[in-house]
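First the structure, in the form of structure tokens, and then the observations on it.
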Amino acid sequence: QAPIKATCEDMSCKTGFPEDVHSAVVSRSVHGGQPLLNVRFRSCDGNKKIHFGSSEPEDFRVGEDGVVYAERSFQLSPEPTEFIVSARDKETQEEWQMRVKLTPEPAFTGSSEKDQKKIEDIVFPWQQYKHSSPLKRQKRDWVIPPINLPENSRGPFPQELVRIRSDRDKSLSLRYSVTGPGADQPPTGIFIINPISGQLSVTKPLDREQIASFHLRAHAVDVNGNQVENPIDIVINVIDMNDNRPEFLHQVWNGTVPEGSKPGTYVMTVTAIDADDPNAQNGMLRYRILSQAPSSPSPNMFTINNETGDIITVAAGLDREKVQQYTLIIQATDMEGNPTYGLSNTATAVITVTDVNDNPPEFTAMTFYGEVPENRVDVIVANLTVTDKDQPHTPAWNAMYRMTGGDPTGRFTILTDPNSNDGLVTVVKPIDFETNRMFVLTVAAENQVPLAKGIQHPPQSTATVSITVIDVNESPYFVPNPKLVRQEEGLLAGSMLTTFTAQDPDRYMQQTSLR
């Protein structure tokens, strides 16, 4: 990270890079997403919208805050690596350029007096003006560029950041201090300052997921505690590192899709979150399907929107009667899905194929047979059986039966058994064998709900029911009954009054004579 220097030596302000060449020493091995240095750009108009770019976008990327990141992992050559950093005004398209020179650090590590001199100064701002009185100090607005500090630094600690100083230290003995959360307020002790030299240091690794930035104030007082400078604000931004894996909100996701759905049908959405910076590659997730089980009828029945996590059908052929459930393994990867540098996690998506009425009931036989004794009612004379491949005990499976011929007088009805789905042919009016010895009924079966659109099968199935009527021994009967007999009084004993005649309805049954 390049040190930050903020001084004001004159009243002039020139927009652009403060230097033509920026040199930095970095580690010889860099990895993708690693912050390397911070380039400073001075904008006299704070409202300018500046876009940074790199002449080597395959190797280096410049963030909106001026931090230069390694785009991929590679080894720096022993010779200095040079590239151009550009800054362009998004409104006026005006462009500025600066050459960056990266030198790999030597094999040894250590802190020497020469290294200490690389830590540059933040000087308390002041300006002089002449009036009737001697030179006076005048307060004016001043913005110190933020200090960008990567999280999870390995030290050594304390790690020196910048040196705070006042130009009055040449004539006065000054004491420096910093205040704010992270210094004298909780969490205390993260940042310390040498009260004599003004050296600001960090004492431990930082975690951006806990605190993303620190806002400190630097003070300079004399030995008596009198303020000699107006406090200056120091902002320390914690630069995100890819130290968190994506986490799915649920480990198992459940969704449904109707069978026969067309490609492009929405199924469900899976969601993962990443504790890293969502505006940086470390927190930008991409989704993909790792596997599908079973792989029938195609191993790619579904696809997923890699940014939103929406799962949709991508192939035709969903058939509940063949595959009732699919299990997908979903992977979420940060670094915009980079398989080399991104961190990943997985979850399971269980997709149930729901039933639609794409199978009509089918009779198991073309003709069914039954018999019934004459004069009996409310008896089942035949069982009609059907098969239906749809989900049992649903409107798409439940059968309804009706007679289409052979029963003009309405002597039969067909009820549906709710458990077996059979049709129960039942006699509802008495039948006389001597009048009707046999009935041949035509029946039809269909579901409670219509077939789904586009199904090529006929909506109903038909069959024939042959019912034989059984003759039974019926009682003789008198004709007429009652019989009126009229005779004059005074008949002699033994005179015949009348003759009673009985008949047997069983005309087709061999029986003895009536008595």
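The values are calculated or read from the model by the stated rules, or taken from the named source; none is laboratory data. Because the structure is predicted, anything quoted here is derived from the model rather than measured. Note that each Cβ is placed from the backbone with ideal geometry, even for glycine, and that neighbours are counted across all protein chains shown. Just so you know, the surface numbers come from the protein's heavy atoms only, side chains and all, with ligands and any DNA or RNA stripped out. Shrake-Rupley method; radii C 1.70, N 1.55, O 1.52, S 1.80 Å.
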Seminar exercise, completed: Mean separation of Cα contacts under 8 Å (at least 6 apart) over the residue count of the chain, i.e. the relative contact order in percent, is 9 percent
Problem set entry | Average Cα contact separation per residue, the range 262-331, under 8 Å, 6 or more apart, as relative contact order % | 41 percent
For this session: Would you kindly calculate the translational diffusion coefficient of the range 410-491, applying Stokes-Einstein with the Kirkwood radius from alpha carbon pairs, for 20 °C and a viscosity of 1.002 mPa s, and quote it in µm² s⁻¹ without decimals?
Result: 119 µm²/s
Problem set entry | Charge tally in the Cβ shell below 13 Å around Glu321, where Lys, Arg are +1 and Asp, Glu are -1, Glu321 excluded | -3
Exercise. What is the extension gain from Phe157 to Thr387, computed as 0.36 nm multiplied by their sequence separation minus the C-alpha to C-alpha distance, in nm to one decimal?
Worked result: 75.0 nm
Exercise. Can you list residues whose amide H is under 5 Å from Ser73's amide H, if they're 5+ apart or on another chain and H is modeled 1.01 Å from N?
Worked result: Gly32
Exercise. Per residue, how much accessible area does the chain show when a 1.4 Å probe rolls over the protein heavy atoms, in square angstrom?
Worked result: 57 Å²
For this session: Could you work out the relative contact order of the range 377-461, using alpha carbon pairs under 8 angstrom and six or more residues apart, expressed as a whole percent?
Result: 36 percent
For this session: Anything over 21 Å Cα to Cα? Flag those among Lys170/Lys204; Lys49/Lys101; Lys262/Lys453; Lys14/Lys90, in the order listed.
Result: Lys170/Lys204; Lys49/Lys101
Exercise. Scattering from the C-alpha atoms of the chain alone, worked out with Debye: what is log10 I(q)/I(0) at q = 0.05, 0.10 1/Å?
Worked result: -0.49, -0.95
Problem set entry | Protein accessible area in the chain, 1.4 Å probe - carbon and sulfur % | 50 percent
For this session: For the range 49-56, take each phi angle, set θ = phi - 60°, evaluate the Karplus expression 6.51 cos²θ - 1.76 cosθ + 1.60, and give the result in whole Hz per residue in order, putting x for glycine and proline.
Result: 9, 9, 10, 9, x, 10, 6, 10
Exercise. In whole Å, how far is the Cα centre of the range 187-258 from that of the range 19-45?
Worked result: 20 Å
Exercise. Whole-Hz Karplus ³J(HN,Hα) for the range 192-205, in order, using 6.51 cos²θ - 1.76 cosθ + 1.60 and θ = phi - 60°, x for Gly and Pro?
Worked result: 10, 9, 6, x, 8, 8, x, 6, 8, 9, 10, 9, 7, x
For this session: Collect residues whose amide H, placed 1.01 Å from N in the peptide plane, falls under 5 Å from the amide H of Leu206; neighbours closer than 5 in sequence don't count.
Result: Asn152, Ser153
Exercise. Can you list the HN-Hα couplings for the range 310-327, worked out from phi with the Karplus curve (6.51, -1.76, 1.60; θ = phi - 60°), rounded to whole Hz and with x for Gly and Pro?
Worked result: 6, 9, 10, 6, 10, 9, 7, x, 5, 9, 4, 5, 9, 9, 8, 7, 10, 10
Exercise. Calculated from DSSP H runs of 4 or more alone, at -39500 (n - 2.57) each and per residue, what is the 222 nm mean residue ellipticity of the chain, nearest 500?
Worked result: 0 deg cm²/dmol
For this session: Note down the Stokes-Einstein diffusion coefficient of the range 21-104 in µm²/s, whole number, using a Kirkwood radius over alpha carbon pairs, 20 °C, and 1.002 mPa s.
Result: 162 µm²/s
Seminar exercise, completed: Taking Rh as the Kirkwood radius computed over alpha-carbon pairs of the range 138-285 and applying Stokes-Einstein at 25 °C with viscosity 0.890 mPa s, one gets a diffusion coefficient in µm² s⁻¹ of 130 µm²/s
Exercise. Rg and Dmax of the range 247-354 over Cα atoms: what are they, in angstrom?
Worked result: 14.3, 46
For this session: Using a cut-off of 14 Å between beta-carbons, work out the net charge of the residues near Val465 (Lys and Arg +1, Asp and Glu -1, Val465 not included).
Result: -1
Seminar exercise, completed: Of all C-alpha pairs within the range 362-470, those more than 20 angstrom apart amount in percent to 40 percent
